[in-house]
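To start, the structure under review is shown below, and the notes come after it.
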Amino acid sequence: MKIAIAGSGALGSGFGAMLYRQGNDVTLIDGWEPQATAVKHEGLHIDINGEDYHLNIPMYQDTKIPSDLQFDIVFLFTKAMQLESMLTHIQPHIHDTTIMVCTMNGLKHEERIVNYVDKSRIVRGVTTWTAGLESPGHTHLMGSGPVEIGSLVPEGQNNVEVIYNLLEQAKLNPHKSEDLQQSIWKKICVNGTANALCTILECRLSTLNESEYARKLVYDITKEIVEVATVDGVHLNADEVYHYLIDLNDKVGPHFPSMYQDLINNNRRTEIDYINGAVARLGSEHHIDAPINQFVANMVHAKEEQRQAK
Ligand code: NAD
């Protein structure tokens, strides 16, 4: 099976490396020219949980994929705002039964992916693997997952099996989600509180827990997200989720979330429109107010503009 990693930054490189090390036929594809060039000419240098690897995985820039390459499985690992462009570049390289896997953060990516493959061929999910990109060609992957996956429609269950087996063989620790939408919304609660607040406040996760005001913000954002989640038939308990989030912040205490790293360290635009922004948008479509999520999204955008993030 020919596998493409469409978006080979931090997490894409990590998944690509894990799959490649188990003998899979993996091709990395990336839209950022420095990353594509570095890996193409010097290979991928990756630290996986403290072990260094140097892997010569084929790599192409997304605009330069050889015309005869066809992929059976495509893992989508762009940032949310790069997804549409990547899908356009990958379209000539998929066929009637290609499976697309999307475990990116954010809401409703499937609404765009479905313009390229049938719903039954989308395997959606979330992951708690963490990854970073130090410089072009140099990345790291940390943790043990899991990767929670599921199908959007019953006919897609066979494709979930295929991806489950592949991820298991690659030691990526897959789980079949019992409730895919619930898994996605729970991850939105994590990203919508930790990512957004640590970026606005410029702090580590543990620092959030130390402030009564920050904890109250975590609670209020969560409460709104949980209310909007009901439009997808998801019924989470705000108090339970809040305690889960506070506990999680304690566990990963010294860590700076990826949104912080993107904007504060690297002056890059964030995925806020697909997280808190998407919650507010979806809420307003269904007459559920989510003003705090909108405020948070506006704050992050103001900060992006102030810093002239790219
Ligand atoms: P990433 O930012 O590392 O990579 C995305 C794209 O940006 C790639 O094309 C990459 O080459 C490029 N890029 C990376 N650093 C850059 C820089 N300094 N300047 C310009 N371009 C740069 O993205 P990611 O962290 O791999 O995330 C991919 C998806 O997975 C996102 O939806 C993210 O939210 C999700 N996710 C990430 C993690 C994580 O730990 N990184 C964990 C869970 C989910």
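Observations on the structure shown:
- Computed over the stretch 1-97, the convex hull of the alpha-carbon atoms projects to a mean area of 6.1 nm².
- Cross-link partners of residue 171 among lysines (Cα-Cα below 30 Å; sequence separation of 8 or more within a chain): 2, 40, 79, 108, 119, 186, 187, 251
- For the stretch 1-45, the extents of the C-alpha atoms along the principal axes are 27, 18, 16 Å, listed from largest to smallest.
- Estimated FRET transfer efficiency when R0 is 25 angstrom, pair residue 265-residue 223 (beta carbons, to 0.05): 0.25
- Accessible surface of the chain, 1.4 Å probe, proportion on carbon and sulfur as whole %: 48
- In this simple spin-label model, placing a label point 7 Å from the Cα along the Cα-to-Cβ direction at both residue 95 and residue 179 gives a separation of 3.9 nm.
- Distance from the stretch 1-37 to the stretch 119-169 (C-alpha centre basis), Å: 13
- Added length on full extension, which subtracts the Cα-Cα distance from 0.36 nm per residue, residue 169 to residue 201: 7.5 nm
- R0 of 22 Å, Cβ-Cβ distance residue 2-residue 112: FRET efficiency to nearest 0.05: 0.45
- Built amide H within the under 5 Å cut-off of residue 57, gap 5+: 44
- Rounded FRET efficiency, nearest 0.05, which uses the C-beta distance separating residue 21 from residue 295 and R0 of 41 Å: 0.40
- Separation of the stretch 199-232 from the stretch 236-252 is 10 Å, based on Cα centroids.
- Using θ = phi - 60° in the Karplus curve 6.51 cos²θ - 1.76 cosθ + 1.60, the 3J(HN,Hα) couplings for the stretch 232-237 round to 9, x, 9, 10, 9, 9 Hz; x is entered for Gly and Pro.
- Percentage relative contact order, the chain, counting C-alpha pairs under 8 Å, at least six apart: 14
- The chain: angle of helix 238-251 to the longest principal axis, Cα-based, in degrees nearest 10: 60
- Panel note: the C-alpha atoms of the chain, placed on their principal axes, show extents of 54, 41, 32 Å (largest first).
- Geometric extent, Cα atoms of the stretch 45-112 - Rg, Dmax (angstrom): 14.1, 40
- Computed on the Cα atoms alone, the convex hull of the stretch 186-310 gives a volume of 88 cubic angstrom per residue.
- Max mean-square fluctuation residue, GNM over the chain, Cα-Cα springs under 10 Å, options 36, 80, 214: 214
- Full-stretch length increase - residue 211, residue 67 - with 0.36 nm per residue and alpha-carbon distance subtracted: 46.4 nm
- Hydrodynamic estimate: the Kirkwood radius of the stretch 189-251 over Cα pairs, inserted into Stokes-Einstein at 25 °C and 0.890 mPa s, corresponds to D of 210 µm²/s.
- Taking a point 7 Å out from the Cα of residue 54 in the direction of its Cβ, the residues of the stretch 119-137 whose backbone N falls within less than 20 Å of it are 133-137.
- DSSP-defined antiparallel bridges as percent of all bridges, the chain, nearest 5: 35
- Computed accessible area, residue 138, all protein chains, 1.4 angstrom probe, square angstrom: 70
- The chain: calculated mean residue ellipticity at 222 nm from DSSP helix runs of at least 4, using -39500 (n - 2.57): -12500 deg cm²/dmol
- With the charge dipole of the chain set up from +1 on Lys and Arg Cβ and -1 on Asp and Glu Cβ about the Cα centre, the Cα lying farthest toward the positive end among the listed residues 105, 267, 198 is that of 267.
- Think of a 1.4 Å ball rolled over the protein heavy atoms: the stretch 1-149 then has 39 Å² of accessible area per residue.
The values are calculated or read from the model by the stated rules, or taken from the named source; none is laboratory data. Nothing here was measured: the structure is a model prediction, and the numbers come from that model. Counting neighbours? That spans all protein chains shown, and the Cβs are built from the backbone with ideal geometry, glycine included. We work out accessible area using only protein heavy atoms, side chains counted, and drop any ligands, DNA or RNA first. Shrake-Rupley method; radii C 1.70, N 1.55, O 1.52, S 1.80 Å.
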